[in-house]
Every structure is written in structure tokens, then in C-alpha cells.
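Notes to accompany the following structure.
The values are calculated or read from the model by the stated rules, or taken from the named source; none is laboratory data. Keep in mind it's a predicted model, so treat the numbers as computed, not measured. Here the Cβ positions follow ideal geometry from the backbone for every residue, glycine too, while neighbour counts run over all protein chains shown. Please note that ligands, DNA and RNA were not included when accessible areas were found on the heavy atoms of the full protein model with its side chains. Shrake-Rupley method; radii C 1.70, N 1.55, O 1.52, S 1.80 Å.
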Amino acid sequence: MKVFVTGVAGQLGHDVMNELAKRGYEGIGTDIAPQYSGIQDGSAVTAAPYVQLDITDKAAVERVITEIKPDVVVHCAAWTAVDMAEDDDKVEKVRAINAGGTANIAQVCRQLDCKMVYISTDYVFDGQGTEPWQPDCKDYKPLNVYGQTKLEGELAVSSALSKFFIVRIAWVFGKNGKNFIKTMLNLGKTHDRLTVVSDQIGTPTYTFDLARLLVDMIETDKYGYYHATNEGGYISWYDFTKEIFRQAAALGHPEYAQVEVVPVTTAEYGASKAARPFNSRLDKSKLAENGFTPLPSWQDALERYLGEIGV
């Protein structure tokens, strides 16, 4: 199986390429930089075939993917800077990447009759209530530019293709790039008191675990919409921070046990330019129903991740 992976300089693309290599599949990576620009960790992705590609360039997308002739495209590339996406001078660019770039890829997948995986987000919903969002829910109501453009990407895929996996994820962390865990660990080194929101609820997603699931998916023809985060229950960002520091302290960093973590509401916290969902609960039961192995608990994922980044 030959798989073309976009966004390999990001957290998920990096891990998808490594999972493909682990299983003996041919992975070809792409991103906007002239060569692979992610973490140089000696893993398979750092030496894998790589093609520079601007996904907003329709002609280039058609040329590159047609030449490669993949069996599957796993589309991880996206504009994910949620607050910056709200800037008036950025909206057009965000839409060109998240909606236009995705549409460009979907069109070529249709021409080649190959499978496509599109990574989406709970931000396509309105983030209200307490009920977990169902993967086949069509009650879309994005709160911000990021959510709106990711929804437009979803619609571009579902309208062009029948052989698609649209996989919504939330609260992502991985080795290759910035994320909430790294931010909290850095802040914990320099602050004795942190305020963290306690009224936004969801579940973290470890890209290492998600990559395994995505490769499991592309080995099948069980197409459709899925939700994928780690198991282990729904939590707040406050709960997550407490567990990050608890585990870091247990790994021999007692300074993290001294940090006071104070819960605050989103309104009290302020700071965010883009509206954030209060309810990021994603119902993942469809995974097991379709024969896929769910991801391990987020607590277990966090423990493995802290070991992986050398905490």
C-alpha cells in the first residue's frame, strides 16, 4: 500500500509516517517546507521520501498526487492556530488551506479513485450542552473561523468522495510540535501558581495512538465519519493539568507537586480571541462497533508521552 501523507512537519503527520513504516507500507510525506522540517528524532519519517507541496495550489496538488498514484491520502495538514485564524488578514489564508487545500486533494482522490482520510475537529459543532457529539451528527454550527473552515473541508471531502474517512479529534498532543502538555510543563517550571479553565470538557488525543488507528482504518473499506480521542473519560483542562503535574512529579520532578493549579471559568480566564467550545465530548463507540481497537486511556497515553519526551 502506497500512502501520501500531508502535514508531516506536524504532530500527527510525523506519527502516521512512522506507523506506516512500522507496518512495511510505503509512506510519502509532504509539507510546505522544501524538505522535512519536523523534529529530527531519527525516526522513519526523517529519512522517508518527501515532496514539497503547497496544498492551496490546485495544479501542483493534481500534478504531485497524480505522479505518486497513492492508494490512500492521509490529509493531516491544516491551519490550526485557532486564535490567529480570527485576524481579518488571516481568514482568507485559513480558508484557502483548510477548505480549498482539502478540496484540491479530494478532487484528485476522486480522479484516481483512491481512499482519503481527512482529520477534522469537534469545532465543527457549537460546543454547547453536555451530551457527547455523535460522529454522524450533521447539526453543524462552528463557533469560529477555524471550525467553519474545517467544516468546509469536511463538506468538500464528503461531496467529492465515497471512499473517505472523516475523523474528528480533540485536544491533540504529540512529540513533534507544540501542545498543551509542553506549555504546562514549561509554565510549571517558572510559576508557583497557574489558573486553568475548568468549564471546557473533552478528552485528549495522543497522536502516536491515533496514528495506529488511522492505519488500521485505511487497511479496511469501513468508510464514514468517526470520532477518535483516547479513552479514560471526559475531563477539563484543569483536570488535565493536575494529572500532568502529578505524573511529572512521580517521574522525579517534585517541583511540579509544588505548583498550585487554580480552576477558573472561561469567562474569568479571558485571553482567547476565538470562541472555544465548552463541550468537546466526542462519542467514540462507532470505532468498536466497526471492529476498530479504541485508543488507550489518556492517563496511560500521558504517562508514555512524558517518557517519550524525557520528562
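Observations, loosely collected:
- Of the residues 29, 252, 188, the one that moves most in a GNM of the chain with alpha-carbon contacts below 10 Å is 252.
- Computing FRET efficiency as 1/(1 + (r/R0)^6) for residue 141 and residue 91, where r is the C-beta to C-beta distance and R0 is 25 Å, gives about 0.85.
- 29 Å Cα-Cα threshold exceeded, pairs from 150/222; 178/242; 141/175; 115/175: 141/175
- For segment 1-122, convex hull volume per residue from C-alpha positions, Å³: 109
- Per the Debye formula on identical point scatterers at the alpha carbon atoms of the chain, with no solvent, log10 I(q)/I(0) at q = 0.07 Å⁻¹ is -0.26.
- Per residue, the solvent-accessible area of the chain (1.4 Å probe, heavy atoms of protein chains only, all protein chains present) comes to 42 Å².
- Here the chain carries DSSP beta bridges of which approximately 5% are antiparallel, counting only pairs with both residues inside.
- Translational diffusion of segment 43-184, µm² s⁻¹ [Kirkwood Rh, Cα pairs; Stokes-Einstein; 37 °C; 0.692 mPa s]: 202
- Helical contribution to [θ] at 222 nm, DSSP H n ≥ 4, -39,500 (n - 2.57), averaged over the chain, rounded to 500: -10500 deg cm²/dmol
- Working from Cα pairs under 8 Å separated by at least six residues, relative contact order for segment 1-151 is 22 percent.
- For segment 213-295, radius of gyration divided by Kirkwood radius, i.e. Rg to Rh on alpha-carbons: 1.10
- Here the 3J(HN,Hα) profile of segment 123-131, calculated from phi with Karplus coefficients 6.51, -1.76 and 1.60 at θ = phi - 60°, is 5, 6, 9, 8, x, 9, x, 10, 7 Hz, Gly and Pro shown as x.
- Annotation: amide H-H contacts under 5 Å for residue 165 (H modelled 1.01 Å from N, sequence separation of 5 or more, or interchain): 116, 117, 118, 224.
- When the solvent-accessible area of the chain is split by element, carbon and sulfur atoms take up 51 percent of it, the probe being 1.4 Å.
- Potential lengthening of the chain between residue 288 and residue 216 amounts to 24.7 nm, from the contour at 0.36 nm per residue minus the alpha-carbon distance.
- For segment 117-236, the equivalent ellipsoid derived from the Cα gyration tensor has semi-axes of 28, 18, 13 Å, listed largest first.
- Using alpha-carbon coordinates, inclination of helix 145-160 to the longest axis of the chain, degrees: 30
- Cβ-placed point charges (K, R +1; D, E -1), dipole of the chain about Cα centre in debye, nearest 20: 360
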